Structures are given as structure tokens and as C-alpha cells.
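The values are calculated or read from the model by the stated rules, or taken from the named source; none is laboratory data. Quick caveat: nothing in here was measured; it's all calculated off a predicted structure. Glycine gets a Cβ as well: all are built from the backbone with ideal geometry, and neighbour counts include every protein chain shown.
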């Protein structure tokens, strides 16, 4: 089962249950516009680079600069978010939206002047430009070994040092990270009447709680149908089926002998149940199973039940993977009946790996955490009991 098939199933469920929007959104750009950019940069720069800000975009154009000036004329879908920077990477990149109003960009001080929308957007993107400069300045003071140490601290591979250059730089990076988060949230909440939220939600929707998304993801918002909102809508629709505070949706599962079970045989009883959704074709899932097994060994004596539920369609591939991994808790596979992907329907499994924790009363209390955060969460739970 791939992401596309899972999402198609969810759209069917939307029509059946009526808990999402009444009409189907179309996210493809409907029109394109010609736009012009005039700008200045450092005198030593001989070209600038314009690219689309997106997950996997390969749209990138270089334009000549002479004596610190450049001119760009292109055509792209209206409100496409693009970023501009010099090809020598002397300064950071600055982002803005494409529209019909001519745009003036200053790559020396990171300012953009154009339409009302871009003038508003630059209030936030100029701050990001300044924060990028701060990040660069911190990095230039560090050795490669210190960079590696900081990365290990962020990834929870080593403890945060009590003092020294690494601790100081780590604290500075964390402060910048918090400023970036605060900037993004302000950009969304201060612009609910225009397109700016779409330009931030398309990458940062997971930073908002379910309750916040219920407020933000409304179909009458100006940004609701923007083509960059597709992933945010998909995520929100899935989160409706496994968000914190809801009672889990029961579903049917099949074991290795072909017997059909219900999740309610295990969840909503007298123990916490941690479900690890995975697949034999998912490399991150396979890599994470030893870490999940470590969590099982730590907390099973305290009363935790860990269930591995595969979303494999291929029964043979699933059983072969279970044999290689040799973990007894990898017990179940999604039960397909009449083409209905029951696990996908019940939990909104958009992609794997996905982990969900269900309390003894059947309430979902956490989901989507990494192994270090799962240990932290479970320690909090069982230390109280």
C-alpha cells in the first residue's frame, strides 16, 4: 500500500462519515502570472539564483548580476513561494510570493518591496533572513568536531554538556530555533485573511496541535485551496483519526496463522498499548524496530503492551520480514476485506512509521513520537503509577 492508495481510502471515508469538508478540494494551480524582479546584491556577485520553495522542487534558475544589479522576468503560478539568493552564498536567501506587482529585492539587507502581500510577508521573512545570518555566524566559529557534537546533542545521542563552546553554541542555536518557531506561528495567526498561512503551513503543519488545526483548517479561509495546502489537509484529515484525547477506532487485524482479531482485544483494557505501524518495504520502519524493541523491554515489565501492525498488502513479504526481525510483538497485519483498508480507515495511517499510544481507558494519549521522546513520555506515565 502506498501513500496515494491510503489517501484515496481516506477520501472515501470522508464521503462516508462526513467529518471533513463537504466538497473535494482541488489543489492544482489554476493560473500563472508573469512577474518581474529588480534587485541589488554585493558588487562581487556575478549571478543570482531563483528557486521554488518546496519539498522536492527542481525548478531553479540562475540570472546574471552586474555591478551589484540584476533583473528577472519569469512566469509561475500565482502565489508560488520562491527564494532568491546569490550563487556565491555570501548572504542568506530571502523568500517572497509570486504575483503581478513588480518586486524589488535587496540581497544585501534582506528586504523585499512589492505587493501588499509581499510587504506583509517580508516582515517575517526578513526576520528569518536575520536569523539565518546568526546561524551562519555561529557555525563559522565552530570546528567540524564541534558541529558533530552539537548534532549529536540535538539527536539525543549524547547528553548536553554543562559548559564549554559546544554548550554555548547549542544554547544559541536553540534560542534561534525558538525565534523561528515563534515567527512562523505569528505569520499564520496574524494573516488568516490572506494567503500567507499557506506559505508556512505547507511545511510546518505538524508544529500545530489538533485543536489549533481545527481552527486553522477551515474551508472558507482564503488560503484553504492554495495548492501548497494539500499535505496540510491530508495530515489534518488523518489526524482526525488518531489525535490525542480521542477514543481509538476499533479495527480488524489478521495474525500469521490467518486468524482475524480485533484491536479491542488488546486496547482499552487494563494496560497501556503502544502500536507501531510499519511495513516490510519501509526502510525507516525496519531501522526503528530494534529501538521499539528496546522500549518494549524497558516498559513491558511495568505493564506496557507493544503491538506491531504491518500495513503490507503482500502476506509473504510481511511474514518474511517478521522472520528476519524475530520480534514476537510483530503480531498483526492490516486486514483487507472487500478492498477496505481497515487500519488506514481506523487510524488514518498516512505513512509509516507511525506509533500511537492508547491508555487503559481507550483514549489516545500520544502519537508520532521518536524513540527518545517515547522513553521520556513512558517514564512520565509509569513514574506516576
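State yes or no: is residue 191 part of a loop (DSSP other than H, G, I, E, B) and either farther than 29 Å from residue 325 by Cβ or assigned by TED's automatic domain parsing to the domain that holds residue 116 (or both)?
Values: part of a loop (DSSP other than H, G, I, E, B): yes; either farther than 29 Å from residue 325 by Cβ or assigned by TED's automatic domain parsing to the domain that holds residue 116 (or both): yes.
Yes; evaluated as a whole, the condition is true for this residue.
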Condition (residue is touching a residue at least 60 places away in the same chain (Cβ under 8 Å) and buried (at least 20 other Cβ atoms within 10 Å of the Cβ)) applied to region 205-226: is it met by at least one residue? yes
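Name the single residue that is surrounded by the fewest Cβ atoms within 10 Å (Cβ to Cβ) among those in region 69-90 being without any contact (Cβ under 8 Å) to a residue 40 or more places away in the chain and over 19 Å from residue 33 (Cα atoms). Spell out the reasoning first.
Going residue by residue through region 69-90, those that are without any contact (Cβ under 8 Å) to a residue 40 or more places away in the chain are 69-73, 82-83, 85, 89.
Subsequent filtering for residues that are over 19 Å from residue 33 (Cα atoms) retains 69-70, 85, 89.
Values: 69: 13, 70: 23, 85: 23, 89: 11.
Looking at the filtered set, the residue picked out is 89.
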Among the residues that make up region 102-121, is at least one of them within 15 Å of residue 51 (Cα to Cα) and crowded, with 16+ Cβ neighbours inside 10 Å? yes
Of the numbered conditions (1) surrounded by fewer than 19 Cβ atoms within 10 Å (Cβ to Cβ); (2) in contact (Cβ under 8 Å) with a residue 40 or more places away in the chain, residue 305 fails exactly one; give the number of that condition. (2)
Looking at 268, 258, can you tell me which residue is assigned to a loop (DSSP other than H, G, I, E, B), over 28 Å from the mean Cα position of the chain (by Cα), without any contact (Cβ under 8 Å) to a residue 40 or more places away in the chain and at positive phi? 258
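Looking only at region 362-376, filter to residues that are in contact with a strand residue (DSSP E or B) (Cβ under 8 Å, 6 or more places away or on another chain) and farther than 17 Å from residue 293 by Cβ; which one of those is surrounded by the most Cβ atoms within 10 Å (Cβ to Cβ)? Break it down into steps so the answer makes sense when it comes.
Going through region 362-376, the residues in contact with a strand residue (DSSP E or B) (Cβ under 8 Å, 6 or more places away or on another chain) turn out to be 362-369, 374.
This time we only want the ones that are farther than 17 Å from residue 293 by Cβ, so: 362-368.
Working: 362: 15, 363: 14, 364: 21, 365: 14, 366: 19, 367: 17, 368: 15.
My answer is 364.
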